Amino acid sequence: ELSWEALEDAGIVPASLRDSRTGVFVGALFMDHALLQDRAGWESITSHTSTGGAACIIANRVSYALGLQGPSMTVDTASSASLVAVHLACQSLRLGESTLVLAGGVNLTLVPETTMRMGKLGTQSPTGRCRAFDAQGDGYVRGEGAGIVALKRLSDAVRDGDRIYAVIRGSAVNNDGVSNGLTAPNPKAQESLLVDAYHAAGFQPSTVDYVEAHGTGTPLGDPIEAKALGTVLSSEQHRDQK
């Protein structure tokens with residue numbers, strides 16, 4: 001439904017994309033629907049159960065329904081899954097393997113087990129409030145929803161007279177590597193990622209006026225993220241705005 005609406009908003013007739021090199025990249029983490037199927041018992045297993053519980057089908061179903069023949073994949077990189085999906089979508093456009101891309105992510109909270117797991121991990125706020133970058137921050141709060149954007153190369157969008165909401169100048173992906181725990185961020189890796197992203201975008205960190213942060217509200221993650229942003233964005237000697 002969201003993919004259809006994204007195409008409607010872009011002024012693209014879905015039927016016109018059949019057999020086209022249109023890609024689908026979707027970020028997704030927990031598979032609550034698959035857990036629901038397992039909970040129903042073996043008697044409920046049908047010919048649709050396998051595809052209904054497979055992560056890859058989240059993206060593949062869109063490609064199938066619309067007849068799209070570009071790359072189609074579901075990406076799971078935890079909290080960054082949707083943004084990594086957009087990163088891969090942009091790469092696909094730049095490489096020419098896709099002429100149009102539907103990219104985004106989905107998270108639905110359908111069963112209590114996934115929330116219980118995160119609670120046991122100690123990352124969720126016991127007060128039910130996410131206080132990002134606050135001294136009282138005691139964890140994050142799970143949310144659900146979905147979003148899809150239609151992406152084109154800028155030259156193609158201009159040529160086609162499309163309404164352009166924004167331009168993605170550059171993006172980057174890396175990994176924490178070794179840190180003080182599997183789920184703990186790595187300060188140097190975060191700094192390196194920021195530098196790579198700004199380099200890919202072709203502008204200096206000193207020109208950045210607005211940052212949308214991860215901001216989990218955890219006492220471990222927030223200070224590391226804030227320090228990485230401060231280190232990279234204030235590294236220029238003559239920055240006009242602090």
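The values are calculated or read from the model by the stated rules, or taken from the named source; none is laboratory data. Everything quoted here is computed from the prediction, not taken from an experiment. All Cβ positions, glycine included, derive from the backbone under ideal geometry; neighbour counts span all protein chains shown. These area figures cover heavy atoms from the full protein model, side chains too; ligands, DNA and RNA do not enter into them. Shrake-Rupley method; radii C 1.70, N 1.55, O 1.52, S 1.80 Å.
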- Does Ser72 fit the bill of being surrounded by 16 or more Cβ atoms within 10 Å (Cβ to Cβ), under 17 Å from the mean Cα position of the chain (by Cα), closer than 27 Å to Arg163 by Cβ and not hydrophobic (A, V, I, L, M, F, W, C)? yes
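State which residue is most open to solvent (accessible area, probe 1.4 Å) when the search covers only segment 15-38 and only residues that are within 12 Å of Ile57 (Cβ to Cβ) and without any contact (Cβ under 8 Å) to a residue 40 or more places away in the chain.
Looking only at segment 15-38, we keep the residues that are within 12 Å of Ile57 (Cβ to Cβ), and these are 24, 26, 28, 31, 33-34.
Checking which are without any contact (Cβ under 8 Å) to a residue 40 or more places away in the chain leaves us with 31, 34.
Details: Met31: 56, Ala34: 20 Å².
Taking the candidates together, the pick is Met31.
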- Taking only segment 1-14 into account, find how many residues are of a type in the set (A, V, I, L, M, F, W, C), in a loop (DSSP other than H, G, I, E, B) and open to solvent by 80 Å² or more (accessible area, probe 1.4 Å). 1
- Considering residues that are more than 30 Å from Gln124 (Cβ to Cβ), surrounded by 10 or more Cβ atoms within 10 Å (Cβ to Cβ) and of a type outside the set (Val, Ile, Thr), the number found within segment 141-158 is 7
- Message: So Val62 passes all but one of these: (1) surrounded by fewer than 17 Cβ atoms within 10 Å (Cβ to Cβ); (2) farther than 25 Å from Thr115 by Cβ. Which condition number does it fail?
- Response: (1)
- Top-ranked residue of segment 102-130 - restricted to ones that are within 22 Å of Gly181 (Cβ to Cβ) and either among the polar types (S, T, N, Q) or buried (at least 17 other Cβ atoms within 10 Å of the Cβ) (or both), ranked as farthest from the chain's Cα centre (by Cα): Ser125
- Note on the structure: Every listed condition ((1) in contact (Cβ under 8 Å) with a residue 12 or more places away in the chain; (2) farther than 21 Å from Ser63 by Cα; (3) among the hydrophobic types (A, V, I, L, M, F, W, C)) holds for Met116 save (1)
- Message: Given the criterion touching a helix residue (DSSP H, G or I) at 6+ places or on another chain (Cβ under 7 Å), more than 23 Å from Ala132 (Cα to Cα) and open to solvent by 50 Å² or more (accessible area, probe 1.4 Å), identify the matching residue among Gly170, Gly177, Gly161.
- Response: Gly177
- Note on the structure: For segment 12-37, the count of residues that are over 15 Å from Ser98 (Cβ atoms) and either within 18 Å of the chain's Cα centre (by Cα) or modelled with pLDDT under 95 (or both) equals 11
- In segment 90-101, how many are open to solvent by less than 40 Å² (accessible area, probe 1.4 Å), in contact with a Pro (Cβ under 9 Å, 6 or more places away or on another chain) and not aliphatic (A, V, I, L, M)? 2
